[in-house]
Structures are given as C-alpha cells and as structure tokens.
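A quick write-up on the structure given underneath.
The values are calculated or read from the model by the stated rules, or taken from the named source; none is laboratory data. As the structure is a prediction and not an experimental result, all values here were calculated from the model. Positions of Cβ are backbone-derived with ideal geometry, glycine not excepted, and every protein chain shown enters the neighbour counts.
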Amino acid sequence: MLSDITIGQYFPGNSLLHRLDPRMKLTLTLLFIVVVFLPQNWFGLLAVVAFLGGILALSHLPVKLLWRSIKPVLFLVAFTSVLNMLYVSGEGEPLLAFWVIKIYPEGIATAVFISIRIVCLIAGSSLLTYTTTPTALTDAMEYLLSPLKVVKVNAHELAMMMTIALRFIPTLMEETDKIMSAQKARGADLESGGLMQRVRALIPILIPLFVSSFRRAYELAMAMECRCYQGGEGRTRMKRLQTARRDWVALAVYVAVVVALIGLNILFGSSLK
Amino acid sequence: MATLTVDNITYTYAPGSPFEQHAIRQVSLETVPGELVGVIGHTGSGKSTLVQHLNGLLRPMEGRILLDGADIWAEPKKIRDVRFRVGMVFQYPEHQLFEDTIYKDIAFGPKNMGLDEAEIDRRVRAAAAYVGLDEALLEKSPFDLSGGEKRRAAIAGVMAMEPEILILDEPTAGLDPRGRETVLAMIEEYRRSRGTTVLLVTHSMEDVARVADRVLVMNGGRVAMLDTVEKVFSRAEELEEIGLSIPAVTKTLLLLRRQGIPVDTSVYTVEQAVQQLLPLLGGDGVC
C-alpha cells in the first residue's frame, strides 16, 4: 500500500535537458522563475509560453507526467482566479453586478493571465526534478551553496544530510511495510475504529520504526567513520560535475529570453491591473 | 488441527506498470496436519510472497487459499480470524517489539484476539516457557534483552496466539550456531507438544535436513519440488542447478558417486553417511 508513493520524480532519459550540468540546470530554473514573472503584457506571456513549450519539447518527457505535477496546484490556480476576478476593478461597466460582487472584464483578464503564469511556473520548475537525479541535484546544491562557507554554512554537510535522507526513504518505507505486516499478523487492526483508535493502533508501528531508524543511523555513522569520513574537507568526487558547451549555450539562450522579455515590456507597456 | 490448501495461486507485484513482476505463479500446496514443511529457495524465488498469502496478508490475484476447506477470503472482513489461526513470524521479528515489557509484548496478539485476562496470562507464560524465557525476564523492557532473547520473545508473541499453523520466515537468520540450535529445538518442541503444523522458510539446507518432514523448493516463483527430505535431496544435481547449496554431507557423497563409488546420495546427516561409508571401507565397526 505504501509502494505507490513516489519519491523524487526523476524520469530517466537522455534528452538535452537530462544531459545538462545539474548546477546549470539549477541556475536556469531560478532564472526561469524570473522569466515567468517578467512579462507585464500578453505578448510577453505568449513568448514565455512558447519558450516553455520549446523546453518541454527538448525534454522528451511524456505530457502525462507534467499533468501530474500541475494537478496538485489546480486548486491554487482556481483560488487565485476567483480572488482576482472579485478584486480587480476596471473603468467600464462591470460585466456582472450582484450584491457586493462586481466582475469586470479586466478582472477576468488578470485571472487568466495569472493562471497561465502559475501553470508555467510549476511546469517549468518541475522539469528540474524530472530530468535530474536526486543525487545530482544535491551535488549541484552543494556546489552552489559552497560560497556560503564564509558565513559558516557547511554546504557539504547539508548536502550529505540530504543525500542520506533521500537514500533512506525507500528503505524506511520498506521497513514500515514489513512492520505493518508483522503487527497485522498479530491481529493489529489498522483499518477500523474511530480516530483515537486509529492513532493508538499506530503505536505498535511507530515505536519499532523509530527504534530501527536510530539503529540504522548509528550503524551508518559507524560505517562512515570506519571509512574515515571526516566531512567535506579535501574530499574528491567519483563523478565530477563538468560543464560543457551546451550548458553555456543554454545560459545564453535564457539570458537572451530575459532581455527580450524586458524589451517586450518596454515596447508594449503593462496590461496588468 | 487444520489443513491449509493453496490452490493454484498467482501474485504479481505492480501489475500493469513497467515494474510488473510475477512474484509467484500457479503455486499449489496442501499441508498435512502436524507436519513440518521446509520452504526453501533463493532470494526472489517467491517464498516470502507465498507465505504472506497463507495468513491473508496478501490476497492472491488468481487461485484460492483454503483453511479446512473454506476460502479464507470468503469474508474479507474476517481475515483477522484467519491470522489468529495461521500464525506468522516475520524475518528479524525482534525488530517488531514495541511494548514496555516483554510480558505486554507477548500479550499483544492474545489481547487482539479478545481473550480474557486469565487466558492471556496463561498463554503468555506458556509461550515464554516454550521459548525458554525466564519468568524474571517478562517484566523487563524488550530493549534490555540480548539479541537471541529478543528473537525468542518475538517468536513467543506469535506462539501465544496458539495458532493451528505456524509459519516462520527465516527464524534463524543472523544467529550464531548455538542460537540457531536453540531456536530450531524450541520450534520442534512446540510442534511436538502441540501438534501444530509448521512451515519453516529458510535458505539453510542444514536446517531443513534437521527438522523438516517435507520440503517445498521454490524457484522463479514456481514450485520446483515438493517432496520428502530424502527424495528432494536425492535430486541434488537439480538443486545445484537452481543454485541451492545442499548439505555438506550430501555433497561429499555426491562427489564420491561421481567418481564411481556406489553410495546413496539421498543421505543428509553425518550418521547416515557413516552407515553408507563403513561397509565400503570393508570394516563394520567404528574405528
């Protein structure tokens, strides 16, 4: 029953996006957020949608996958749309006036504009996790956070913690499954009863799970020490991140898009209220 | 005592997805009351999946499981009753201890059965005695016990439900030779005194040779062999093809036969081997 929860969304592939350096991908994703929020008019937004479409095509990911990441935010989209329609007022006559509710064409336009923006944001940023393995992602984070050493933030330790956490999620899931089966075999009833009863029924599962997590943590710490692990100082990598020409080309394209969007803003002004 | 019948069951993990995997295919089996069946096979041979069907933890996708002739899934809501009649000890059962005393932990199963205090007390003490846990240990925390004691306490937790059929998944895994011996001996003792049918999942041929009446050999999710210990071990070549190690004694005799020495290779204990070899050496006494 626990096996259908997906952790990390990496979708194996060999597209251009998969092959980009994860550090660059992380940077470009941040840049993409800027790109999504730049446009102030419909021409800009259209350009962003086209740009996103281009990236999606390059990623060779099934459309179904993207739908899966957009689905959870649909509520948010609907919610902001409603708020925008209610609160944005226009100059002309309202399209609909009822009690205190007045809906202007400008409100609807804003709602549509913002909805497209949110969907683009989610679709674009989910590409990062779809095309990058969790380990590559932590490596990239470690690299990008390493300048923070100056302010005593240990990027290596943070990245190591994340790697270990990611590594152990499936293990702990399996363990949970096993403990649940074992307690069910002793007649534990996990499926019926009221809320309190169900919470109490979790005790025989949570205690062994905690105990085993601590046991695993000690064992892992011991194993790491046996292999002389002493933090990031002077540590080399088996897989070294390397930027290739395609990474710099990608960066150049993004920068060009940012410049173009700023140009469109100046050219057509703002259509947002 | 109850009879458990496995009628042609099939189970697939993650059906319909790219990770689809047939765990077991068309497995059939019928237990004889009071016997001890050794279930043996490689990692991934489907043996653990099979035994999890027997007490209704997994529901077969095809086929049926009958307990005394009645389909255990006839009333899914009453599957708990099946779990009380078919007890199951998981691998590393000591990892499932959770109460603050051993006594309470052993009582968890009987309590779930809805028994009264006196009966629970009787069962807890009886189960503790079967596994050789001292009364004084009963009030201790499970986390203060040694590894072997924890394992025995956990097994007692299932024995206390007094199941008609007892399944143990690798009960000797990770124990030292003395610990293995203790656990096997107490399983035998429990079976002898209660007449319980026992299914022992293991990958140790030595364990099987020691305690089993029949052996079920699983390979690639199917039943490869199901026969008496002698008959299964006499098919040593096939066992080796599957990748199962046969007891060292049997292996020795097999090598002798390959060299043309006429010995019976269905032998699996040292005593039997001595019986085989002495006449060949021309002597009739013990040297």
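Of these, B:GLY282, B:GLY179, which one is farther than 26 Å from B:VAL6 by Cα, among the small types (Gly, Ala, Ser) and either buried (at least 21 other Cβ atoms within 10 Å of the Cβ) or in contact (Cβ under 8 Å) with a residue 24 or more places away in the chain (or both)?
Result of the check over B:GLY282, B:GLY179: B:GLY179.
What is the one condition in (1) surrounded by 20 or more Cβ atoms within 10 Å (Cβ to Cβ); (2) within 9 Å of chain A (Cβ to nearest Cβ); (3) closer than 16 Å to A:ILE205 by Cα that B:MET88 does not satisfy?
Failed condition: (3).
Suppose the filter is closer than 30 Å to A:MET160 by Cβ and in a helix (DSSP H, G or I); does A:ALA250 pass it?
Yes.
Only one of these conditions is not met by A:ASP177: (1) within 14 Å of chain B (Cβ to nearest Cβ); (2) in contact (Cβ under 8 Å) with a residue 24 or more places away in the chain; (3) touching a helix residue (DSSP H, G or I) at 6+ places or on another chain (Cβ under 8 Å). Which number is it?
Of the numbered conditions (1) within 14 Å of chain B (Cβ to nearest Cβ); (2) in contact (Cβ under 8 Å) with a residue 24 or more places away in the chain; (3) touching a helix residue (DSSP H, G or I) at 6+ places or on another chain (Cβ under 8 Å), the odd one out for A:ASP177 is (3).
Tell me which of these A:SER125 doesn't satisfy, since it passes every other one: (1) closer than 26 Å to A:LEU56 by Cβ; (2) outside the structural domain of A:LEU31 (by TED's automatic domain parsing); (3) surrounded by fewer than 18 Cβ atoms within 10 Å (Cβ to Cβ).
(2)
Just the residues that are more than 12 Å from every other protein chain (Cβ to nearest Cβ) and of a type outside the set (Gly, Ala, Ser), please, taken from segment A:212-233.
Across segment A:212-233, the qualifying residues are A:TYR218, A:GLU219, A:LEU220, A:MET222, A:MET224, A:GLU225, A:CYS226, A:ARG227, A:CYS228, A:TYR229, A:GLN230, A:GLU233.
Of all strands (runs of 3 or more DSSP E) completely enclosed by segment B:1-44, which ones contain at least 2 residues that are loosely packed, with under 14 Cβ neighbours inside 10 Å and modelled with pLDDT of 90 or more?
Per the criteria, B:21-30.
Residue-by-condition table, conditions (1) at positive phi; (2) part of a helix (DSSP H, G or I); (3) assigned by TED's automatic domain parsing to the domain that holds A:ALA165:
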position: A:ASP177; (1), (2), (3): no, yes, yes
position: A:SER192; (1), (2), (3): no, no, yes
position: A:ARG198; (1), (2), (3): no, yes, yes
position: A:ALA201; (1), (2), (3): no, yes, yes
position: A:ILE207; (1), (2), (3): no, yes, yes
position: A:MET222; (1), (2), (3): no, yes, yes
position: A:MET238; (1), (2), (3): no, no, no
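Could you run through segment B:91-112 and say how many residues are facing another protein chain (nearest Cβ under 7 Å) and among the small types (Gly, Ala, Ser)?
Counting residues in segment B:91-112 that are facing another protein chain (nearest Cβ under 7 Å) and among the small types (Gly, Ala, Ser) gives 1.
Out of B:ILE167, B:ILE187, report the one residue that is within 19 Å of B:VAL229 (Cα to Cα) and within 14 Å of chain A (Cβ to nearest Cβ).
B:ILE167
Which one of these is assigned to a helix (DSSP H, G or I), in contact with a strand residue (DSSP E or B) (Cβ under 7 Å, 6 or more places away or on another chain) and modelled with pLDDT under 90: A:LEU86, A:LEU66, A:LEU56? Give the derivation first.
Working: A:LEU66 fails: in contact with a strand residue (DSSP E or B) (Cβ under 7 Å, 6 or more places away or on another chain); A:LEU56 fails: in contact with a strand residue (DSSP E or B) (Cβ under 7 Å, 6 or more places away or on another chain).
Testing whether each residue is assigned to a helix (DSSP H, G or I), in contact with a strand residue (DSSP E or B) (Cβ under 7 Å, 6 or more places away or on another chain) and modelled with pLDDT under 90 leaves just A:LEU86.
Does segment B:241-249 include one or more residues that are over 30 Å from B:ASN55 (Cβ atoms) and at pLDDT 85 or above?
Taking every residue of segment B:241-249 in turn, at least one turns out to be over 30 Å from B:ASN55 (Cβ atoms) and at pLDDT 85 or above.
Being without any contact (Cβ under 8 Å) to a residue 40 or more places away in the chain and over 20 Å from B:GLU170 (Cβ atoms) is the filter here, so list the residues in segment B:80-109 that pass it.
Selection gives B:ARG80, B:ASP81, B:VAL82, B:TYR103, B:LYS104.
Inspect all residues belonging to segment B:144-166 and state whether any of them is polar (S, T, N, Q) and over 15 Å from the mean Cα position of the chain (by Cα).
Yes.
Can you find a residue in segment B:63-82 that is within 23 Å of B:VAL208 (Cα to Cα), touching an Asp or Glu at 6+ places or on another chain (Cβ under 9 Å), assigned by TED's automatic domain parsing to the domain that holds B:ARG222 and surrounded by 15 or more Cβ atoms within 10 Å (Cβ to Cβ)?
So far as segment B:63-82 goes, no, none of its residues is within 23 Å of B:VAL208 (Cα to Cα), touching an Asp or Glu at 6+ places or on another chain (Cβ under 9 Å), assigned by TED's automatic domain parsing to the domain that holds B:ARG222 and surrounded by 15 or more Cβ atoms within 10 Å (Cβ to Cβ).
Can you pull out every residue in segment A:23-46 that is over 21 Å from A:ASP247 (Cα atoms), touching a Ser or Thr at 6+ places or on another chain (Cβ under 7 Å) and surrounded by fewer than 19 Cβ atoms within 10 Å (Cβ to Cβ)?
Correct list: A:ASN41, A:TRP42.
Just to be sure before I move on: is A:MET162 away from chain B (no Cβ under 14 Å), part of a helix (DSSP H, G or I) and touching a helix residue (DSSP H, G or I) at 6+ places or on another chain (Cβ under 6 Å) in the structure I sent?
Answer is yes for this residue.
Which of (1) surrounded by 15 or more Cβ atoms within 10 Å (Cβ to Cβ); (2) out of contact with any Lys or Arg (no Cβ under 6 Å at 6 or more places or on another chain); (3) part of a helix (DSSP H, G or I) does A:ALA188 not meet, given it meets every other one?
Every condition holds for A:ALA188 apart from (3).
From the residues in segment A:191-211 that are more than 9 Å from every other protein chain (Cβ to nearest Cβ) and either surrounded by 13 or more Cβ atoms within 10 Å (Cβ to Cβ) or touching a residue at least 60 places away in the same chain (Cβ under 8 Å) (or both), which one is nearest to A:GLU175 (Cα to Cα)?
Per the criteria, the residue is A:LEU209.
Within segment B:70-85, how many residues turn out to be more than 10 Å from every other protein chain (Cβ to nearest Cβ) and within 22 Å of the chain's Cα centre (by Cα)?
3
Just wondering, is there one or more residues in segment B:207-230 that are over 17 Å from the mean Cα position of the chain (by Cα), of a type in the set (A, V, I, L, M) and at pLDDT 90 or above?
Within segment B:207-230 (the criterion being over 17 Å from the mean Cα position of the chain (by Cα), of a type in the set (A, V, I, L, M) and at pLDDT 90 or above), the answer is yes, since at least one residue qualifies.
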